[in-house]
Amino acid sequence: MRIDILTILPDLLHSPFSDSIMKRAQTKGHLELEIHNIRDYSTNKHSKVDDYQYGGGAGMVMNIEPIAAIIDKLQSERDYDEIIFMTPDGELLEQAICNDLSLKGNIMVLCGHYKGVDERIREYYITKEISIGSYVLSGGELGAAVLVDSVVRLIPGVLNDETSALTDSFQDGLLSPPVYTRPSEYNGMKVPEVLLSGDFGKIDKWREDKAIERTKARRPDLLD
Ligand code: ADE
């Protein structure tokens with residue numbers, strides 16, 4: 001999969017993809033990630049990429065020209081399955097969206113800033129608008145990092161043990177059950193007996209019961 005991220009703050013986006021699973025996804029060839037600085041496409045002598053909004057009002061708006069220039073250039077090089085805009089008024093990110101995006105070939109992700117981007121970008125270029133939660137961030141970069149991480153880990157072969165993505169919380173509509181590792185007892189706190197029993201039928205049943213119990217308690221909406 002190829003992902004191109006369009007941002008005015010490229011430095012914010014290097015670190016989340018330079019370690020661990022995201023780094024390995026790139027070195028193993030599952031992910032080709034390009035981070036583009038929108039300012040490089042500004043024709044303004046001060047590399048300005050925003051301006052006052054028509055009609056007045058507080059907050060600057062990102063100009064159409066540099067963003068359109070970079071999208072046009074990338075689209076002339078390859079087809080994109082989705083051009084995503086990170087915005088608090090977008091569709092709320094859910095596991096089902098991550099699953100769907102993980103099957104795509106090429107994706108572009110535009111990070112917004114200031115008061116937003118010129119609406120014409122959204123109308124003419126953007127195919128999907130995503131919010132990572134009902135709160136406002138300073139910009140779309142952290143949202144883009146969340147989105148890309150949650151999608152890339154689902155690409156087959158990225159995780160060492162593929163089944164571990166399938167047993168993630170949300171994949172079967174349930175939260176994950178509790179997990180334990182050694183020691184089996186710490187300061188009197190014991191690991192549930194059943195997990196030490198070696199009876200895998202019983203262990204599966206216990207995990208399913210706990211997943212349902214936890215989902216009922218914490219996210220009853222998932223069971224509706
Ligand atoms: N940009 C600002 N807030 C955001 C949010 N909640 N999700 C995605 N992008 C954003």
Checklist outcome for this item: From most to least accessible, 1.4 Å probe, no ligand or DNA/RNA atoms counted, ARG182, ARG24 line up as ARG182, ARG24
Checklist entry - Tell me, what is the FRET efficiency for SER184 and ASN160 to the nearest 0.05, using R0 = 25 angstrom and their Cβ-Cβ distance as r? => result 0.50
Checklist entry - How would you order 212-224, 80-92 from highest to lowest mean count of nearby Cβ atoms within 10 Å? => result 80-92, 212-224
Next on the checklist: Between MET22, MET60, MET189, where does the largest GNM mean-square fluctuation fall for the chain, given springs only between Cα atoms within less than 10 Å?
Outcome noted: MET189
Next on the checklist: So, for segment 1-149, what is the accessible surface per residue at a probe of 1.4 Å, expressed in square angstrom?
Outcome noted: 52 Å²
Checklist entry - Add -39500 (n - 2.57) for each DSSP H run of 4 or more in the chain, then divide by its residues: what number comes out at 222 nm, to the nearest 500 deg cm²/dmol? => result -9500 deg cm²/dmol
Item to check | Principal-axis tilt of helix 200-218 within the chain, Cα atoms, nearest 10 degrees | outcome: 50 degrees
Checklist outcome for this item: Everything considered on the Cα gyration tensor (a ≥ b ≥ c; rounded for a/c under 1.5, else prolate if a/b is larger than b/c, else oblate), the chain must be described as prolate
Item to check | Accessible-area order (highest first, 1.4 angstrom probe) of the listed residues LYS45, LYS28, LYS104 | outcome: LYS45, LYS28, LYS104
Item to check | Share, in percent, of DSSP beta bridges within segment 2-152 that are antiparallel, nearest 5 | outcome: 10 percent
Checklist entry - In nm, what is the difference between 0.36 nm times the number of residues separating GLN95 and GLU34 and their Cα-Cα distance? => result 19.6 nm
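The values are calculated or read from the model by the stated rules, or taken from the named source; none is laboratory data. All of these numbers come straight from a predicted model, not from anything done at the bench. With ideal geometry, Cβ positions are generated from the backbone for all residues, glycine too; neighbour counts draw on all protein chains shown. These area figures cover heavy atoms from the full protein model, side chains too; ligands, DNA and RNA do not enter into them. Shrake-Rupley method; radii C 1.70, N 1.55, O 1.52, S 1.80 Å.
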